[in-house]
Amino acid sequence: MRLQNKIALVTGASRGIGEALALGMANEGADIFVHYHSKPELAKAVAERIRAAGRKAWTIKADVQDPREIEKMFDDIEQQSDRLDILVNNAGFEFGKPLWEFSAEEWDSIINVNLRGAFLCLKHAVHRFMRKQQYGKIINISSIHDQVPRKRFAPYCVSKAGLLMLTKAAAQELAEFKIHVNAVSPGAILTDMNREAIENIGPDFGPRNIPWRRVGETDEVVGAVVYLASDDSSYVTGTTIYIDGGYRLHTIRK
Ligand code: NAP
């Protein structure tokens, strides 16, 4: 059990990668705040499975676009727990269209969920818990598109590139408080976010561009996050683990 009795918040844990991370971390002994935005029934089901595995679980709601909702979420966490050991910033969304057609509001919504939301969760986790504890593990779920651009998804790519720099800047600044900050960047993992695109295998997207010739499963993201959340990674900070079957290499692969 590598996370025995640790307390973790996983944002966007109602489905997809976040669900797999919440369950995987619980199986390693952690108690989990299962955050969701719009799907309470899914979050409750995840929490039930965690409890069935013998760990504590609480469901907790916030639109991470809204700073006040994030603040309220951390108020609620403080009511339930005097510690928060692990924060996984996983909540995210994307949509694509030609760059010149994005409105200012659409641009802001993507940046605000994927980047500002992660920053605000980090800020509250650090300020309210981790600095005092002199202990914290923060894992930002980025994307291969923090490095590799994707046509029609410029704001998403920019948000994830920003998340990578937030990871490095925070790792540097928070080391003195014994807080580790790292990122995990998946490639194409089959979830609601991209099911349609993956199943249709569009011209610039799909297994033919992936050296391993398949998309990933949500469970394949769990090991890296457990490693970064555990004390096995005690000298690892400010880095990124790519989990992509080599997908980010496809622009240089022939
Ligand atoms: P998903 O299945 O679409 O799930 C998204 C999760 O984020 C849900 O739990 C959702 O909550 C939550 N969420 C969405 N908008 C939110 C908001 N405004 N406020 C709070 N929570 C919000 O997505 P996924 O594929 O698992 O992606 C999870 C993370 O991995 C994202 O950061 C994504 O960018 C990253 N990623 C995914 C892939 C991939 O191929 N799937 C690849 C690279 C990176 P509700 O269910 O309650 O609405």
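Per residue, how large is the accessible surface of the range 87-144? Use a 1.4 angstrom probe and give square angstrom. Please report the intermediate quantities before stating the final value.
Details: 2340 Å² over 58 residues.
That works out to 40 Å² per residue.
The slack in the chain from ASN200 to ASP232, taken as 0.36 nm per residue of separation less the alpha-carbon distance, amounts to 7.6 nm.
What does the charge count around ALA161 come to, taking other residues whose C-beta lies under 15 Å from its C-beta (Lys +1, Arg +1, Asp -1, Glu -1)? Write out the running numbers ahead of the final one.
Values: positive: ARG116, ARG150, LYS160, LYS168, ARG248; negative: GLU94, ASP146.
With Lys, Arg at +1 and Asp, Glu at -1, the net is +3.
Coupling constants for the range 95-102 follow from the phi torsions by the Karplus curve (6.51 cos²θ - 1.76 cosθ + 1.60, θ = phi - 60°), and in residue order they are 8, x, 6, x, 3, 6, 9, 5 Hz; glycine and proline get x.
Please work out how much length the chain gains when fully extended from PHE95 to ASP108, using 0.36 nm per residue of separation minus the C-alpha to C-alpha distance, in nm with one decimal. Working shown, then result.
On the way: separation 13, 0.36 × 13 = 4.68 nm, distance 1.25 nm.
Extending this stretch completely gives an extra 3.4 nm.
Counting only Cα atoms, the size of the range 159-247 along its three principal axes is 47, 25, 23 Å, in decreasing order.
List the residue ranges in the chain for DSSP H helices whose C-alpha atoms run 15 angstrom or more along the long axis and whose Kyte-Doolittle average is -1.0 or above.
On the way: long enough: 16-27 (17 Å, 0.93); 40-52 (18 Å, -0.14); 67-80 (20 Å, -1.49); 154-174 (29 Å, 0.63).
Correct list, ordered by number: 16-27, 40-52, 154-174.
Can you tell me what the convex hull of the Cα atoms of the range 58-137 projects to on average, as an area in nm²? With every direction weighted equally, the projected area is 5.8 nm². No solvent, one uniform scatterer per C-alpha: report log10 I(q)/I(0) for the chain via the Debye equation at q = 0.08, 0.09 1/Å, two decimals. Debye intensities relative to I(0), on a log10 scale: -0.28, -0.36. Could you check the spin-label model distance between GLN133 and GLU41? Points 7 Å from the Cα along Cα→Cβ, value in nm. Going by the 7 Å Cα→Cβ label model, 3.4 nm. Of the solvent-accessible surface of the range 47-102, computed with a 1.4 Å probe over protein heavy atoms with every protein chain present, carbon and sulfur atoms account for 44 percent.
Whole Å is fine, so just give me how far the alpha carbon centre of the range 74-103 lies from that of the range 35-60. The range 74-103 and the range 35-60 have Cα centres spaced 16 Å from each other.
Only Lys, Arg, Asp and Glu count, each charged at its Cβ (+1, +1, -1, -1), so figure out the dipole size of the chain about its Cα centre, rounded to 20 debye. Please list the in-between numbers first.
Details: 33 positive and 32 negative charges, 108 e Å.
With only Lys, Arg, Asp and Glu charged at Cβ, the dipole is about 520 debye.
Annotation for the range 107-185 versus the range 1-23: alpha-carbon center distance of 17 Å. Figure legend: label point modelled 7 angstrom from the Cα of THR239 along Cα→Cβ; residues of the range 161-193 with amide N under 19 Å from it are 164-176, 178-187.
Across the range 194-200, computed HN-Hα scalar couplings (Karplus, 6.51 cos²θ - 1.76 cosθ + 1.60, θ = phi - 60°) run 9, 3, 4, 4, 5, 5, 8 Hz from first to last residue, x flagging Gly and Pro. For SER142, the amide hydrogen comes within under 5 Å of the amide hydrogens of VAL184, SER185, counting only partners 5 or more places away or on other chains and with H modelled in the peptide plane. Peptides 109-115, 161-167, 47-53, ordered by how many other C-beta atoms sit within 10 Å of their residues on average, highest first, read 109-115, 161-167, 47-53.
The values are calculated or read from the model by the stated rules, or taken from the named source; none is laboratory data. Every value quoted in this text rests on a predicted model; they were computed, and no experiment measured them. Here Cβ is always computed from backbone atoms with ideal geometry, including for glycine, and neighbour counts include all displayed protein chains. All accessible areas refer to the heavy atoms of the entire protein, side chains included, with ligands and DNA or RNA removed. Shrake-Rupley method; radii C 1.70, N 1.55, O 1.52, S 1.80 Å.
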